[in-house]
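**Student:** Got a structure here, written out as structure tokens. Questions coming.
The values are calculated or read from the model by the stated rules, or taken from the named source; none is laboratory data. Being a predicted model, the structure only gives us computed values, none of them experimental. Note that we place each Cβ from the backbone using ideal geometry, even for glycine, and neighbour counts take in every protein chain shown.
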Amino acid sequence: MSKMVYRNRKGVINAWKNGTSARTGNHSLSTDGTHLMSYNKVIGLRLKSGYTIVGNYTAKAKGNHFASQTTSTHVNLAAHHANAVWHPLVFENTPQITEHIGDLPF
């Protein structure tokens, strides 16, 4: 396992896109190279192909999926760098994604 690298938020997002681990100094945003986490909530996944998906946990998503202002900030930053942004219900309930079994199921 590689040593954890401390970075700013954009650096953590870039590490996630590149499949490497990193976290912010205050641990609010982190990645193991596959999962992008805001605190302990998974907000993004990097598939084996390198394709990245972010769950839209912001107030803009229909339904009650807003987690916190900080998580919303993390989601918005990640969304600018991700290949796709999915509604939280789709993000959480697509088995191939939540189990990280490979590539897109379609």
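**Student:** (1) within 12 Å of the chain's Cα centre (by Cα); (2) modelled with pLDDT of 95 or more: which one isn't true of S72, the others all being true?
**Tutor:** Just one mismatch for S72, condition (2).
**Student:** Restricting region 23-45 to residues that are in contact with a Phe, Trp or Tyr (Cβ under 8 Å, 6 or more places away or on another chain) and among the charged types (D, E, K, R), which is surrounded by the fewest Cβ atoms within 10 Å (Cβ to Cβ)?
**Tutor:** It comes out as K41.
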